[in-house]
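Please treat every number below as a calculation from the coordinates, not as lab data. None of these values were measured; they are calculated from a predicted model. Neighbour counts run over all protein chains shown; Cβ positions are idealised from the backbone, glycine included.
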Amino acid sequence: MAPDWPPSPRDFDGSAYVFAPDDEAGYAQHFREHGFVVVDDILEPEQVKATIEEIWSNRSLLGGHDGLDPQEPRSWDAWPGGARNFLDSLSPLEEVETWRNRVNCKVNRVFDVLWEGLPEILSDEDSPDHGTGATSSSLVMSVDRVGLMRPTKMKHGGRLIERPDWRTSRNWLHWDQNPWSSPDFQAMQGLLSLEGSRSSGGFVTVVGFQEHFARWAQEHPEGSIPKRTRDMIPFPVPLDDEMQGRRSKILVPSGALLVWDSRLPHENFPNEGEDWRIVQYVTCKRLSSADLEARAKAWQVGLKTGLIPLAFAERFSTLEQIRLGMFLAPHSDGLTLALSAAAALVPEQLEAAEKLRRAYRLKQTAELPEQLKEAMALFREAFKVTPALQEVLQWVAKAESSYLPFWIL
């Protein structure tokens, strides 16, 4: 029997799911009922402009391609390999505007409001009398990626040229939460809209499905769907599932923040127009003490070894450092010691950290066996000078196991 679906946004006036930042009760209620909400006027126009300009001037974000020009379609073939939609920076700590957006007070206030009253996320090591003095869980912001979709229709010499091969798939409805291993509420995801139009691609979801997620898992038990496991993330929705016909487009104005419950199936609809679609993904999650400790250790060991520049950490206020997970409030001693150690690093240690960064980027982008060999040699040279650099990689991997993106390398 088909579920009793809530109303879909396509049945609403377009403004029905877009709220002002000061209407906290309104957008919180909409999120609880429908599983998503759009809050407008989060970024000022000049902040949007600065972020877009940083994206286009960031050679590492664009995969090292110098020739990409948003105004020159002939350059768009030189696109980062495999990046039809997402772009992952090769030097994320060199960015400025994307980090400002992550700690933006309006962004964080929306997540604070939406998380209020939701359950604590506890690990096996947590208990009411944990004894650390830290809160049992805390909201932490992701270090995430940028979404960029090229226009797929262009006017040239009085005629319209189409590039359907640049479009994303129409059949990628999925969850970033596994229905079998995590059937209850776990997290919410978000994005900041920077540029786009009705035809340039965007967000698609099945509105209200957070209320049916656990039931769907019961009605489709593990083993009943081929090529799906309880460890799979993302988890694709079967193409023959009736929810495929319940998809709705969610239009997000420039400067607005879209937040959705991770139990909503979602995808991007393809860019079929002449405009760019640019978004920055920002996810805020309540982490357990154990996950917080792993993230704080990654930041702090990274500072002690020079892999994370001292000047980068000093950009942020104490509250912003907490939001990024640099330490477990109220215990800032570990970060203070890490900052002192970073200030005392010698040139040889800083050079080793730079070699590791180069090795990591080369490993990500290598297309030839010789490049992989060069990356391995750089890793060995870096570890020989500073063995603790291996510890950084271990803590980063552990931090990422919380399913809150932490792409700092």
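Brief remarks follow.
- Full-stretch length increase - Ala290, Asp69 - with 0.36 nm per residue and alpha-carbon distance subtracted: 75.2 nm
- Note on the chain: with a GNM built from Cα contacts shorter than 10 Å, the maximum mean-square fluctuation among Leu307, Leu328, Leu239 falls on Leu239.
- Once the chain from Leu160 to Ser181 is taken as fully extended at 0.36 nm per residue, the excess over their C-alpha distance is 2.8 nm.
- Per-residue ellipticity at 222 nm from helix content only, as computed over the chain with -39500 (n - 2.57) for each DSSP H run of at least four residues, stands at -10000 deg cm²/dmol.
- Choice from Leu191, Leu324, Leu345 showing the highest fluctuation, given a GNM over the chain with Cα pairs closer than 10 Å: Leu345
- Estimated at 0.36 nm per residue, the fully extended path between Glu219 and Glu46 surpasses their Cα-Cα distance by 57.4 nm.
- Cα coordinate range in the chain, projected on the principal axes (Å, largest first): 65, 62, 46
- Candidates Tyr360, Tyr27, Tyr17: whichever shows maximal mean-square fluctuation once the chain is modelled as a Gaussian network with Cα springs under 10 Å: Tyr360
- Sorted peptide list for 37-48, 384-395, criterion being average Cβ within 10 angstrom, highest first: 37-48, 384-395
- Out of every Cα-Cα pair that the range 282-391 contains, those further apart than 24 angstrom amount to 34 percent.
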